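See below for the structure under consideration.
The values are calculated or read from the model by the stated rules, or taken from the named source; none is laboratory data. From a predicted model like this one, the values you see are computed outputs, not experimental measurements. Cβ coordinates were reconstructed from backbone atoms using ideal geometry, including for glycine residues, and neighbour counts include every protein chain displayed. Only protein heavy atoms, including side chains, enter the accessible area calculation; ligands, DNA and RNA are left aside. Shrake-Rupley method; radii C 1.70, N 1.55, O 1.52, S 1.80 Å.
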Amino acid sequence: MTDRERDLGQAPEVEAAQWGGVWEVERYELWEAAGDAVFSGWSRREFLQAAGGVVVCLLVRPAVAQPPPRGRFFSGSAPRQIGAWLHLDEKGNVTAYSGKVEVGQNVRTMLVQAVAEELRVPVERITMVLGDTQQCPFDAGTFGSRSAPSMVPQMRRAAAALREVLLDLAAERWQVSRDALAAEQGEILHKGDGRRIPYQELAGGQRIMRIIPDDVPLQPPDRWQVQGTAVKKVNALQIVTGKHRYTSDVQLPGMLYGKVLRPPALRARLRSVEIRHAESREGVVVVRDGDFVGVAAPTAWDAEQALAAIEADWEVAPEPDDHNLYEDLKRSAVSGDARFSGRAGFGRSGAAGDVERSLREADIVLEQAYRVAYIAHAPLEPRAAVAQWEDGRLTVWTGTQRPFGVRDELARQFGLSPDQVRVIVPDTGSGYGGKHTGEAAIEAARLARAAGRPVKLVWTREEEFQWAYFRPAGLIEIRSGVRRDGRLIAWECHNYNSGQSALATPYDVPNRRVEFHRSDAPLRQGSYRALAATANTFARETHMDELAVKLQLDPVEFRLKNLTDPRLTAVLKAAVEAFGWGKPAQNGRGFGVACGTEKGSYVATCAEVEVDPEEKRVRVVRAVTAFECGAILNPDQLRNQVEGALVMGLGGALWEEIRFQQGKITNARFSAYRVPRFRDIPSIEVVLLDRKDLPSAGAGETPIIAIAPAVGNAIYAACGIRLRSMPLLGDEWKAATSG
Amino acid sequence: MRRQLELVVNGEARRLELEDQRSLLSVLRDDLGLYGAKYGCGEGHCGACTVLVDGVPRRSCTTQVGTVAGKEITTVEGLEHDGKLHPVQQAFLEEEAFQCGYCTCGMIMGACGLLRRNPRPTAAQIRTFLDGHLCRCGTYQRIVAAVQRASRLLQGAQP
């Protein structure tokens, strides 16, 4: 047993097995429970031996790595973990490794800042290696807004531990007290006589392995020099010059281009297929393996021609249709499934008091249903993969948010052990929760194995719309009771199918019950930025607006009457103030407000819309969002995230809706599926509240949740039409404005 | 039909033998190794594949390569001069007008086309001109700011 293996403790495979079954892809609710577990993958002995300079491999004790995961899917203690590690080379350059991936949320820059802050090395000398299963410590995936609260602290602790090691080495070399020394700009400085020594000279090629002590000193937020500042995106130059290589830009010698035969509808099965014409084409390899039929050819053009030459006969199965979607979701629901009751929200019980009695005692009772459509992530870079087999080992470049999950999918598919598979995730053309799976990776690997050469496969836009997964549609029913003075006394909320994120109300209601019901979903569904928090916040905040109207109270005043959460109150007040709430709207315009909290961050949005019901036209004129996620790690990139989430949220709020008939997505193109464009963008103001006294929460998701209800409420204020469906300008709007 | 074509890409003449119905996008990427133009939709509705053809922005995904033989094609790789970024690239960098960056090269080429035609566009003109470009990350406000900044940089560069 080597020293390193001793440090690692029990065999990683055993640890992995204990966590088996958690990473089930389709189970939306499991994703919510999964959180962000980190445990050691396998031995990286080769890597450690190959690397010169000082390697610092840091074991993070579970107690400090993260709070214990929630929910029933985790039991027992978390295994010992390697959360992060660092390498310092002979020139003083630092490489840090994390299993997170970059999908535009700027985690790469955020982690560089974390290392720079604690190691006291200039940002330019730090390189992050992300999402490479052979080089990076295991990570469950980049989702759930976990990078800021979980990976950043681990990276900081790792960097701080390396800094402490270097201070020790300098004290030893100079035979002085550590107290006389300081670390800055990649050097150890003797504060008394001004002597300096670069880190790399101290390290001198040693290999060092440390367990991060629980008390490793971290820079307090009020003394941050790099964190909390607007460091620019570290690889931005590559982006503006076109030099960054996304998965679809990866090119290997001898590489072929793949195409896959798709069924005409979701559940169609292959009855028979004629591949002779395709096979006879020069350089073309055709693979038939069960229902899978694909081709690989020397150019993408050849691959398309070969695919077109295949004749397939499909067996038609009963196919889903969106005709009675919401009725079907409710009818097929597993009612009262206790597993999903009362767990929603964060530290807020789903059930309390006596809802039935308080509804009888209420002055006003309101019962309404809200609908949220299926929508697509539509990342601009569709699914893509490049697969290469060498001596029975498989390497796949692919844009996924779960490199280790996809590695395991590939290992299962091809009967390999995980360490025979390497997944590399180039910084990816976005994901928004839509790239948790490895379809393209598996397809490319199947083709590459048959062809005996590397294969690149890039999904078309239509394939991405038809064969990826969707944000679940949902039906949300709310029953509430208020007293005439504006106090909420009863709240009952049922979510069918869409999910339980932010299902619990953040308002103070003594009598409440919330429940999530699973349904037979007609489409493949999965994670989407903020999960169901968007749907549940839309339903709740629309309902709150309806109550305010019934009570003849100002919607902000009504909310504040029922709100004690100081952080949510603070963002609501900040948004309202920046917006200038209370001033009368111009003719034909209206103001709307909404707020909510999810994943430890807080958002409030005010919107101004202009409505012309005669012309059936709605324009969002202005939006103000206030956001708070604890101590801000990078204000400029945070602003970018908040603004971007708001814009993306406008799509789901107003237009986005996946339509399907007979198992076919009928609007599977950008010319048919309406997403936000330049002309749709209102004037946007973002107000950031910086809470240096609070730990940093993630910010990539929550800012999306408040825009839809704010816009819907503003439409009501402008023209008196109450819309209870997302997208707001879907069938309900058309019905309300026709005739 | 397979035939010999001459393409002038970033000032350099290239002779290729290929199917003339192929998309300009696939030829740039797969045959010439220029990956700045991206595939996003294949129907000219997202702008990620935008390049300049004789100075005018074109969707390379819906442009058959045979139709641009002999014309001047400019991709993002051809914008830098003497190791210096083009003012539009510089402006995108300074405004940090991207998140994932997948739409950026197409946006930059679209903006170059706009500024050639209209060196001082208003924000409204920028939005209208670039409306065919998608940024799914939603950085539109920053892109408008970047184009305005590029306009100022270009005025300074060419007094």
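Out of the residues in the range B:113-131 that are free of Cβ contacts under 8 Å to residues at least 12 places away in the same chain and within 12 Å of chain A (Cβ to nearest Cβ), state the one that is surrounded by the fewest Cβ atoms within 10 Å (Cβ to Cβ).
Only one residue fits best here, namely B:A124.
Could you grab me the full set of residues in the range A:561-581 that are surrounded by fewer than 22 Cβ atoms within 10 Å (Cβ to Cβ) and either modelled with pLDDT under 95 or aromatic (F, W, Y) (or both)?
The answer is A:W581, and nothing else.
Evaluate the following for A:V286: is it free of Cβ contacts under 8 Å to residues at least 40 places away in the same chain, part of a helix (DSSP H, G or I) and under 30 Å from B:L28 (Cα atoms)?
On the way: free of Cβ contacts under 8 Å to residues at least 40 places away in the same chain: yes; part of a helix (DSSP H, G or I): no; under 30 Å from B:L28 (Cα atoms): yes.
Considered against the rule, which asks whether it is free of Cβ contacts under 8 Å to residues at least 40 places away in the same chain, part of a helix (DSSP H, G or I) and under 30 Å from B:L28 (Cα atoms), A:V286 comes out as no.
Just need a number here: residues in the range A:520-530 that are in contact with a helix residue (DSSP H, G or I) (Cβ under 6 Å, 6 or more places away or on another chain) and either closer than 12 Å to A:G649 by Cα or in a helix (DSSP H, G or I) (or both).
Selection size over the range A:520-530: 2.
Taking B:A145 and the conditions (1) out of contact with any strand residue (DSSP E or B) (no Cβ under 8 Å at 6 or more places or on another chain); (2) open to solvent by less than 10 Å² (accessible area, probe 1.4 Å), which numbered condition does it fall short on, given that it satisfies the others?
(2)
Among the strands (runs of 3 or more DSSP E) contained in the range B:1-57, which hold 1 or more residues that are at pLDDT 95 or above and of a type in the set (V, I, T)? Give the steps one after another, and end with the answer.
Numbers: elements: B:2-9, B:12-19, B:50-53.
The qualifying strands (runs of 3 or more DSSP E) are B:2-9, B:50-53.
Looking at B:V88, is it more than 20 Å from A:L650 (Cα to Cα), within 10 Å of chain A (Cβ to nearest Cβ), among the aliphatic types (A, V, I, L, M) and in contact with a Gly (Cβ under 7 Å, 6 or more places away or on another chain)?
Numbers: more than 20 Å from A:L650 (Cα to Cα): yes; within 10 Å of chain A (Cβ to nearest Cβ): yes; among the aliphatic types (A, V, I, L, M): yes; in contact with a Gly (Cβ under 7 Å, 6 or more places away or on another chain): no.
Criteria not met by B:V88.
Kindly indicate whether B:G101 is outside the structural domain of B:A48 (by TED's automatic domain parsing), farther than 23 Å from B:V53 by Cβ and open to solvent by less than 10 Å² (accessible area, probe 1.4 Å). Full working, then the answer.
Working: outside the structural domain of B:A48 (by TED's automatic domain parsing): yes; farther than 23 Å from B:V53 by Cβ: yes; open to solvent by less than 10 Å² (accessible area, probe 1.4 Å): yes.
Answer is yes for this residue.
Could you list, in sequence order, all residues of the range A:95-130 that are assigned to a loop (DSSP other than H, G, I, E, B) and surrounded by 24 or more Cβ atoms within 10 Å (Cβ to Cβ)? Spell out the reasoning first.
Let us first name the residues in the range A:95-130 that are assigned to a loop (DSSP other than H, G, I, E, B), namely A:99-106, A:120-122.
The answer is A:G99, A:K100, A:V101, A:E102, A:V103, A:G104, A:Q105, A:N106, A:V121.
Tally the residues that are out of contact with any Leu (no Cβ under 8 Å at 6 or more places or on another chain), among the hydrophobic types (A, V, I, L, M, F, W, C) and under 19 Å from A:Y432 (Cβ atoms), restricting the search to the range A:687-705.
Residues that pass the stated criteria total 2.
Can you name the residue in the range A:330-358 that is open to solvent by less than 30 Å² (accessible area, probe 1.4 Å) and at pLDDT 95 or above and is also nearest to A:L475 (Cα to Cα) among such residues?
It comes out as A:V355.
For the range A:408-450, which positions are more than 14 Å from every other protein chain (Cβ to nearest Cβ) and surrounded by 24 or more Cβ atoms within 10 Å (Cβ to Cβ)? Please lay out each step first, then the result.
The first filter runs over the range A:408-450 and keeps only residues more than 14 Å from every other protein chain (Cβ to nearest Cβ), leaving A:408-424, A:436-439, A:441-450.
Across the range A:408-450, the qualifying residues are A:L410, A:V421, A:V423, A:G438, A:A441, A:A444, A:A445, A:L447, A:A448.
Determine whether the range A:600-609 contains at least one residue that is more than 27 Å from A:F558 (Cα to Cα) and surrounded by 24 or more Cβ atoms within 10 Å (Cβ to Cβ). Give the derivation first.
Residues of the range A:600-609 more than 27 Å from A:F558 (Cα to Cα): none.
No, the range A:600-609 contains no residue that is more than 27 Å from A:F558 (Cα to Cα) and surrounded by 24 or more Cβ atoms within 10 Å (Cβ to Cβ).
Can you say whether A:T133 is in contact with a strand residue (DSSP E or B) (Cβ under 9 Å, 6 or more places away or on another chain), open to solvent by 30 Å² or more (accessible area, probe 1.4 Å) and under 30 Å from A:D427 (Cβ atoms), as far as the supplied structure shows? Working first, answer last.
Working: in contact with a strand residue (DSSP E or B) (Cβ under 9 Å, 6 or more places away or on another chain): yes; open to solvent by 30 Å² or more (accessible area, probe 1.4 Å): no; under 30 Å from A:D427 (Cβ atoms): yes.
Criteria not met by A:T133.
What is the residue count in the range A:197-207 for residues that are surrounded by 14 or more Cβ atoms within 10 Å (Cβ to Cβ) and within 23 Å of A:V123 (Cα to Cα)? If you could, list the steps in order and put the result at the bottom.
Going residue by residue through the range A:197-207, those that are surrounded by 14 or more Cβ atoms within 10 Å (Cβ to Cβ) are A:197-203, A:207.
In the following step, the residues that additionally are within 23 Å of A:V123 (Cα to Cα) were identified as A:197-203.
The qualifying residues number 7.
Scanning for something among the small types (G, A, S), open to solvent by 10 Å² or more (accessible area, probe 1.4 Å), at pLDDT 90 or above and closer than 30 Å to A:I632 by Cβ, does the range A:154-174 turn up at least one residue?
No: the range A:154-174 contains no residue that is among the small types (G, A, S), open to solvent by 10 Å² or more (accessible area, probe 1.4 Å), at pLDDT 90 or above and closer than 30 Å to A:I632 by Cβ.
List the number of the failed condition for A:N562; all other conditions in (1) away from chain B (no Cβ under 14 Å); (2) under 22 Å from A:A230 (Cα atoms); (3) in contact with an Asp or Glu (Cβ under 7 Å, 6 or more places away or on another chain) hold.
For A:N562, the failing item is (2).
What are the residues in the range A:390-408 that are free of Cβ contacts under 8 Å to residues at least 40 places away in the same chain and assigned to a helix (DSSP H, G or I), if any? Spell out the reasoning first.
Within the range A:390-408, the subset free of Cβ contacts under 8 Å to residues at least 40 places away in the same chain is A:390-393, A:395, A:406.
Answer for the range A:390-408, where residues must be free of Cβ contacts under 8 Å to residues at least 40 places away in the same chain and assigned to a helix (DSSP H, G or I): just A:V406.
Suppose the filter is in contact (Cβ under 8 Å) with a residue 12 or more places away in the chain, farther than 12 Å from A:A718 by Cα and open to solvent by less than 30 Å² (accessible area, probe 1.4 Å); does A:L553 pass it? Full working, then the answer.
Values: in contact (Cβ under 8 Å) with a residue 12 or more places away in the chain: yes; farther than 12 Å from A:A718 by Cα: yes; open to solvent by less than 30 Å² (accessible area, probe 1.4 Å): no.
Answer is no for this residue.
Table: residues versus (1) charged (D, E, K, R); (2) open to solvent by less than 30 Å² (accessible area, probe 1.4 Å); (3) under 32 Å from the mean Cα position of the chain (by Cα).
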position	(1), (2), (3)
A:R461	yes, yes, yes
A:F465	no, yes, yes
A:E477	yes, no, yes
A:D485	yes, no, no
A:I489	no, yes, no
A:E492	yes, yes, yes
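Could we say that A:R540 is charged (D, E, K, R), part of a strand (DSSP E or B) and either touching a residue at least 24 places away in the same chain (Cβ under 8 Å) or open to solvent by less than 20 Å² (accessible area, probe 1.4 Å) (or both) here? Before the answer, list the steps.
Details: charged (D, E, K, R): yes; part of a strand (DSSP E or B): no; either touching a residue at least 24 places away in the same chain (Cβ under 8 Å) or open to solvent by less than 20 Å² (accessible area, probe 1.4 Å) (or both): yes.
When the stated conditions are applied, A:R540 does not pass them.
If you take the residues of the range B:68-84 that are without any contact (Cβ under 8 Å) to a residue 40 or more places away in the chain and surrounded by fewer than 17 Cβ atoms within 10 Å (Cβ to Cβ), which of them is nearest to the other protein chains (Cβ to nearest Cβ)? Walk me through how you get there before you give the answer.
Start the filter on the range B:68-84 by keeping residues that are without any contact (Cβ under 8 Å) to a residue 40 or more places away in the chain, which leaves B:79-84.
So of that shortlist, the ones also surrounded by fewer than 17 Cβ atoms within 10 Å (Cβ to Cβ) come out as B:80-84.
Working: B:E80: 7, B:H81: 12, B:D82: 14, B:G83: 11, B:K84: 11 Å.
Going through the qualifying residues, I end up with B:E80.
Tally the residues that are over 14 Å from A:G592 (Cα atoms) and buried (at least 24 other Cβ atoms within 10 Å of the Cβ), restricting the search to the range A:706-726.
Matching residues across the range A:706-726 total 1.
Report the residue count in the range A:660-690 for those that are within 24 Å of the chain's Cα centre (by Cα), within 12 Å of chain B (Cβ to nearest Cβ) and part of a loop (DSSP other than H, G, I, E, B).
The total comes to 9.
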